[in-house]
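Q: My questions will all concern the structure given below.
The values are calculated or read from the model by the stated rules, or taken from the named source; none is laboratory data. Given the structure is predicted, the values throughout are model-derived calculations rather than measurements. With ideal geometry, Cβ positions are generated from the backbone for all residues, glycine too; neighbour counts draw on all protein chains shown.
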Amino acid sequence: MKFNSQQSEIKNKIREWWDDPTQDYDSFIGHGVNSEIEKELWGNEIAQLLGHKQNLRILDIGTGTGFLALLLAGMGNEITATDWSMTMMQKAKEKAKAVQIPIQFEVQDAENLTFPDASFDAVVSRHVLWTLADPLKAAKEWVRVIKPGGMVITDIPRIGSHSGRHHYGDEIGKQLPLGNGADPEEIISMFKEAGLANINLKIMEKQEDQHRKTILIYGEKK
């Protein structure tokens with residue numbers, strides 16, 4: 001998608017939606033923020049993909065209320081957590097303060113990061129790709145800020161999810177490239193174009209819900 005004034009307007013509307021203090025993200029069952037099973041699944045899978053290393057510099061894109069940031073910081077990593085929403089990030093800050101876990105929080109646009117090249121060992125994100133007006137541009141930025149050999153780890157939005165429409169309404173939802181999910185091959189191709197190699201998929205299954213699988217995609221910077 002080529003950037004234009006219409007795309008800018010869409011992004012502003014999305015940002016306003018997330019900044020609305022009446023949006024109680026943590027209460028939505030589908031987001032799984034309070035699920036111990038979700039925490040265990042994501043924590044175990046990311047730790048395995050990163051070789052169970054500690055003290056890694058990890059960038060959490062679209063941290064929301066801090067699900068991945070808190071999880072990975074608690075595992076001994078140095079976390080920078082970004083989000084475009086001040087409202088969401090404030091909740092994440094309060095959580096980190098409550099458990100005394102040091103996390104650096106910054107307001108950032110996932111498609112236009114301000115970090116220098118090769119600043120991080122890994123980039124992670126959860127439930128973010130479908131929200132983006134230009135996911136390819138975002139992927140290129142994520143690859144840019146990791147070191148050679150560094151890894152990008154994220155989940156693939158489920159086909160038929162209609163997440164864009166459910167959150168933002170038909171007008172905006174239909175204009176998001178991944179607002180209704182994506183075929184894994186589409187995301188693989190996008191990440192290849194962004195500069196990742198050794199791209200693989202990993203299915204995370206919940207025993208209590210075999211019909212709602214989470215597909216992780218991950219790859220290394222060339």
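Q: What number of residues in the range 104-137 are under 20 Å from Gln7 (Cα atoms) and either aromatic (Phe, Trp, Tyr) or not in a loop (DSSP other than H, G, I, E, B) (or both)?
A: Of the residues in that region, 9 qualify.
Q: For the range 173-204, name all the residues that are of a type in the set (Lys, Arg) and assigned to a helix (DSSP H, G or I). Show your work before the answer.
A: Start the filter on the range 173-204 by keeping residues that are of a type in the set (Lys, Arg), which leaves 174, 192, 202.
Selection gives Lys192 alone.
Q: Further, regarding this structure: Listed residues Lys93, Lys97, Lys137; which is in contact (Cβ under 8 Å) with a residue 40 or more places away in the chain and of a type in the set (Lys, Arg)?
A: Residue meeting the stated conditions: Lys137.
Q: Restricting attention to the range 6-14, does a residue exist that is closer than 27 Å to Arg57 by Cα and either touching a strand residue (DSSP E or B) at 6+ places or on another chain (Cβ under 8 Å) or modelled with pLDDT under 75 (or both)?
A: no
Q: Has the range 166-186 got any residue that is out of contact with any helix residue (DSSP H, G or I) (no Cβ under 8 Å at 6 or more places or on another chain) and in contact (Cβ under 8 Å) with a residue 12 or more places away in the chain?
A: Yes; the residues of the range 166-186 include at least one that is out of contact with any helix residue (DSSP H, G or I) (no Cβ under 8 Å at 6 or more places or on another chain) and in contact (Cβ under 8 Å) with a residue 12 or more places away in the chain.
Q: Same structure, new question: Which count do you get for residues in the range 169-183 that are exposed (fewer than 14 other Cβ atoms within 10 Å of the Cβ) and either within 17 Å of the chain's Cα centre (by Cα) or modelled with pLDDT of 95 or more (or both)? Please lay out each step first, then the result.
A: Within the range 169-183, the first condition is being exposed (fewer than 14 other Cβ atoms within 10 Å of the Cβ), and the residues that meet it are 169-171, 174, 183.
Going one step further and asking which of them are either within 17 Å of the chain's Cα centre (by Cα) or modelled with pLDDT of 95 or more (or both), we end up with 183.
Count: 1.
Q: Sticking with this one: Condition first: charged (D, E, K, R) and either within 27 Å of Ala118 (Cβ to Cβ) or crowded, with 17+ Cβ neighbours inside 10 Å (or both). Now tell me which residues in the range 187-205 satisfy that.
A: Residues satisfying the conditions are Lys192, Glu193, Lys202.
Q: Which residues, taken from the range 188-214, are on the phi < 0 side of the Ramachandran plot, at pLDDT 90 or above and touching a helix residue (DSSP H, G or I) at 6+ places or on another chain (Cβ under 7 Å)?
A: Across the range 188-214, the qualifying residues are Met190, Phe191, Glu193, Ala194, Leu196, Ile199, Leu201, Lys202, Met204.
Q: Sticking with this structure for a sec: Identify, by number, the condition in (1) under 23 Å from Glu205 (Cα atoms); (2) touching a Phe, Trp or Tyr at 6+ places or on another chain (Cβ under 8 Å) that Ala47 doesn't meet.
A: Failed condition: (2).
Q: I'm checking my understanding of the structure. Among residues of the range 141-168 that are surrounded by fewer than 17 Cβ atoms within 10 Å (Cβ to Cβ) and within 28 Å of Gly51 (Cα to Cα), which one is modelled with the lowest pLDDT?
A: Arg158
Q: Would you check if there is a residue in the range 82-89 being hydrophobic (A, V, I, L, M, F, W, C) and modelled with pLDDT of 95 or more? Break it down stepwise before answering.
A: Quick first cut of the range 82-89, residues hydrophobic (A, V, I, L, M, F, W, C) only: 84, 86, 88-89.
If we keep only those that are modelled with pLDDT of 95 or more as well, we get none.
Checked the range 82-89: no residue is hydrophobic (A, V, I, L, M, F, W, C) and modelled with pLDDT of 95 or more.
Q: Then there's this: For a quick check of your reading of the model, give me the residue pairs whose first member lies in the range 142-158 and is outside any strand (DSSP E or B), whose second is crowded, with 21+ Cβ neighbours inside 10 Å and charged (D, E, K, R), with beta-carbon atoms closer than 8 Å and at least 6 apart or on different chains.
A: Pairs found: Val143/Lys221.
Q: Can you name the helices (runs of 4 or more DSSP H) wholly within the range 19-103 that have at least 2 residues being out of contact with any helix residue (DSSP H, G or I) (no Cβ under 6 Å at 6 or more places or on another chain) and surrounded by fewer than 12 Cβ atoms within 10 Å (Cβ to Cβ)? Explain how you work it out, then say what you get.
A: Details: elements: 36-49, 67-73, 86-99.
The helices (runs of 4 or more DSSP H) meeting that bar are 36-49, 86-99.
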